[in-house]
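First the structure, in the form of structure tokens, and then the observations on it.
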Amino acid sequence: MRKKLIAANWKMYKNPAQTKEFFRDFIPLVAGHDRDEIVVCPPYIDLHSALELINGTQISVGAQDVYWKDEGAFTGEIAPAMLTAIGCTHVIIGHSERRQYFGETDDTVNLKLKAALEHGLTPIACVGEVLEEREAGLTEDVLRRQCMRAFSSISARKASKLVVAYEPVWAIGTGKTATPGMAADAHVLIRGEAAKAFGEAFAEALRILYGGSVKPENATALMSEEEIDGALVGGASLDPKSFAAIVKY
Ligand code: PGA
């Protein structure tokens, strides 16, 4: 049995004061809920406040990106050890918005993944096709390529904490959700790529999250799908009540 992981991706929303407000309301709503793992990924400047606020709860905090070097003259970047030094345990890598707007490639995703794993972070590696690719029947090719390159030259032992998120780009922030069946098909393919890279047993234990317009109204149907091991939630994670409702689908 794979324990489901429900992760919030706040993107570029909320300052430290708003982070405080969120956790003040959210923590009591999920008190004692340990069926699923809960992770909140706020902007960098909120990490410190978030980590203080979740102290003593079952909630974990993650970053939305990380650089692959340990330190150096890389203005604006954050190193993996900086995240672990403040108690951050998770990190989103290769989100489609990073790929679309900030030049993230399959190769930088691979470098970031290796660096995160090396430092004991749990990476949530994102893959997913854009609408034109789905319409052209290229979804499988795209997912295969993204997984193959992301997993390249990483050993199964090193990859043990890996989590993958399938996020069809056409479903992100659009209100369009992949049907549970569509998501399950993509998850089977991703699991197959993980089996090729890391072996069958690893793939069987790998958690693959679905992301793209997950809301309280569709969470139950998506999470009931055996292939779906959790959710990466954007818009609906900004409100404590709606994120709590998703966590408790
Ligand atoms: P959304 O975003 O839930 O707002 O569609 C998901 C994501 O980008 O991770």
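The values are calculated or read from the model by the stated rules, or taken from the named source; none is laboratory data. This one's a predicted model, so the numbers in the text were calculated from it and none came from an experiment. Cβ placement follows ideal geometry from the backbone for every residue including glycine, while neighbour counts extend to all protein chains displayed. The protein model used for the area step is the full one, side chains on, heavy atoms only, and it has no ligands, DNA or RNA in it. Shrake-Rupley method; radii C 1.70, N 1.55, O 1.52, S 1.80 Å.
Below are the figures for this structure:
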quantity: Pairs with Cβ under 6 Å, 6+ apart, first in segment 207-224 and touching a residue at least 60 places away in the same chain (Cβ under 8 Å) and within 13 Å of the ligand (Cβ to nearest atom), second in a helix (DSSP H, G or I) and among the aliphatic types (A, V, I, L, M); calculated: Gly212/Ala171
quantity: Close pairs from segment 92-112: first closer than 18 Å to Ile208 by Cβ, partner basic (Lys, Arg) and within 12 Å of the ligand (Cβ to nearest atom), Cβ under 7 Å, at least 6 apart; calculated: none
quantity: Filter result (away from the ligand (no atom under 16 Å from the Cβ) and either within 11 Å of Val214 (Cβ to Cβ) or not acidic (Asp, Glu) (or both)) within segment 165-186; calculated: Gly181, Ala184
quantity: Boolean, Glu140 is open to solvent by 10 Å² or more (accessible area, probe 1.4 Å), part of a helix (DSSP H, G or I) and either at pLDDT below 95 or under 15 Å from Ala63 (Cβ atoms) (or both); calculated: no
quantity: Scope segment 62-121; condition assigned to a loop (DSSP other than H, G, I, E, B), within 16 Å of the ligand (Cβ to nearest atom) and over 19 Å from Leu5 (Cβ atoms); matching residues; calculated: Phe102, Glu104
quantity: Failed item, numbered, when Ile172 is tested on (1) closer than 18 Å to Leu5 by Cα; (2) open to solvent by 10 Å² or more (accessible area, probe 1.4 Å); (3) in contact with a strand residue (DSSP E or B) (Cβ under 9 Å, 6 or more places away or on another chain); calculated: (1)
